[in-house]
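The values are calculated or read from the model by the stated rules, or taken from the named source; none is laboratory data. Remember, it's a predicted structure, so these values are computed and weren't measured experimentally. Here Cβ is always computed from backbone atoms with ideal geometry, including for glycine, and neighbour counts include all displayed protein chains. When the accessible area is computed, the model is the full protein with side chains, heavy atoms only, and any ligands, DNA or RNA have been set aside. Shrake-Rupley method; radii C 1.70, N 1.55, O 1.52, S 1.80 Å.
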Amino acid sequence: MIRSSAVSLALGYVALGIAALVLFAAPLWYAWQVTIQEGRAEILQADAQRLTDVFRRDGAAGLKNFIDTRVAMQIAGERILLLADSSMHPVAGNLSTWPKAVPAAPGNYTIQVEVADQGTQPALVHVAMVGNCNLLVGRFNTLFAPLQTRFWYGLTAAIAVLSIAGLLVGLITRRALMSRIHSIRQTVSAIMHGDLKHRLPTHLNDDELNTLSRTINGMLEQIELLVHGVRNVSNSIAHDLRTPLAELRSRLEELALIRPPPAETFAEVDGAVADVDRVIRIFDALLRLAEIDAGLRRSGFVPLDMADLASNAVEFYAPAAELKGIDLALLSDGAQSVSGDPVLLAQALGNLLDNALKYAPTNGTIKVAVRRRVDGTVEVSVSDNGQGIAESERVKVVERFYRGDASRGTPGVGLGLSLVQAVAKLHGSVLEFSDEAPGLRVTFTLPVDAAITAASSPPAPQSVEVEVVAPARLASS
């Protein structure tokens, strides 16, 4: 129990409280002692001064009578009065002898006085000279003893109450924490057994555990999302690999059974090679996506001219567009220097152009635009006047292996837009889909090259020669 963090924290606060009480009581006790001592000394000096005035007025006999009268009237043990001659023999007062511990020299002294009913008691005395006589005036220190005792009792009681209250608070806090930790443990145990839908309990108050539970719940949601994504990707890979592998097995089995002439055999071998290439392309695309998701391609970021890269892509796809009678155009405000990976950007732009060529109608139009936005980023967009993508499907089309109804009859495995989305995310952006009425416009942004932005007179943008690989053979969507 002592090892509990709640109890340890409570005991720490108790120790801190006790230290604060001691630090408060110590100067208070010192001030009390100094004030009482000084006050009593002043009272004794005043009493001695009054008795001296009586001596001056009435002489030694009058002072003796005055002291005897005062002693007879006062309560026993209230005050010490003693008048002694020059030989220190008592003349009047309530002491039988002059105390040995008190010298005849004037001043204040603390002595032990024998009291008939109370034994030896400490007292503070003041000695003064009255003519040829010695005058001793004193008061017992026991007058304030009960008050001092109450002070110590009060301090001890405060420490005891503070300790007990701290321990009780620690135990109650430990019980409350253990109750919440037990519920957290049950949830974590269920998640460890594979039930990812469980979430840590949260409350309306925003205490530390509640904030931690909400943070962990957010992490669990992301983990569940990733696990489902991996599961879906695995299912999709198995589904998409089954077709080319089945076709490959069928071709090889047919060759083994029929054993056709060489011409037909080589044709089937070419088909088998195409099936193997298709499987390899799927794995290549998945490995490239994994590399992008891990952020390993950031080392390839260099300053480049995005307008020049887009121009190369448009030039590469111009013949394919011409075969379909499609008008492929580049719209640019001039050189646009950005910071990015030129190989990945070329692949992403190639995927977008390949999709646009697949879905744009004959004699349609495709526009590639590279422009600078107001916020300084460079916008890259590819638009066509084809059938577009339904708004309900725009979130799904960037998922890996997802293929909409419109793409069922076209070649590809559904990795094209996933690759583009990964490249955009690597460059700090996301894909944005908008209607062209008719058609679709896909947009992403790129950061401006920091070196050129910081320069007062920017140099000419760097032109990067990048070979645009036909993504239709790579990972078409």
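Summarising the overall dimensions of the range 5-146 from its C-alpha atoms, the Rg and Dmax are 21.3, 79 angstrom. Enumerate the aspartates and glutamates that Lys425 could reach by cross-link, defined here as Cα to Cα under 13 Å, with residues fewer than 8 away along the same chain left out. Counting by Cα, and skipping residues close in sequence, Lys425 has these aspartates and glutamates nearby: Glu291, Asp293, Asp341. All distinct Cα pairs of the range 97-186 go into the 1/r average, and the inverse of that average, the Kirkwood radius, is 18.3 Å. Note on surface exposure: Met306, Met88, Met129 rank Met129, Met88, Met306 by accessible area, highest first, 1.4 Å probe.
Measuring max minus min along each principal axis, the C-alpha atoms of the range 185-226 give extents of 29, 21, 12 Å (largest first). Taking 7 Å steps out from each Cα toward its Cβ at Asn132 and Ala190 produces label points 10.7 nm apart.
Between Asn363 and Asp435, what FRET efficiency follows from the Cβ-Cβ distance if R0 is 35 Å, with the result rounded to 0.05? The computed FRET efficiency comes out at 0.95.
Along the Cα-to-Cβ line of Thr215, 7 Å from the Cα, sits a label point; which residues in the range 171-196 have backbone N less than 18 Å from it? Counting only backbone N, you get 181, 184-185, 188. Give the lysines whose C-alpha is closer than 24 Å to that of Lys100, dropping any in the same chain fewer than 8 places away, or say none. Qualifying lysines at Cα under 24 Å: Lys64. Ordering Phe140, Phe266, Phe66, Phe283 by accessible surface, largest first, gives Phe266, Phe283, Phe66, Phe140; the 1.4 Å probe counts only protein heavy atoms, with every chain in place.
Less than 20 Å apart at the alpha-carbon level, and either on another chain or at least 8 residues along: which lysines does that give for Lys324? Candidates past the 8-residue exclusion: Lys358, Lys367. Protection proxy ranking for 202-208, 155-161, using the average of other Cβ atoms within 10 Å per residue and placing the highest first: 155-161, 202-208. Distance between the modelled labels on Lys324 and Val273, one decimal in nanometres: 2.8 nm (7 Å Cα→Cβ projection).
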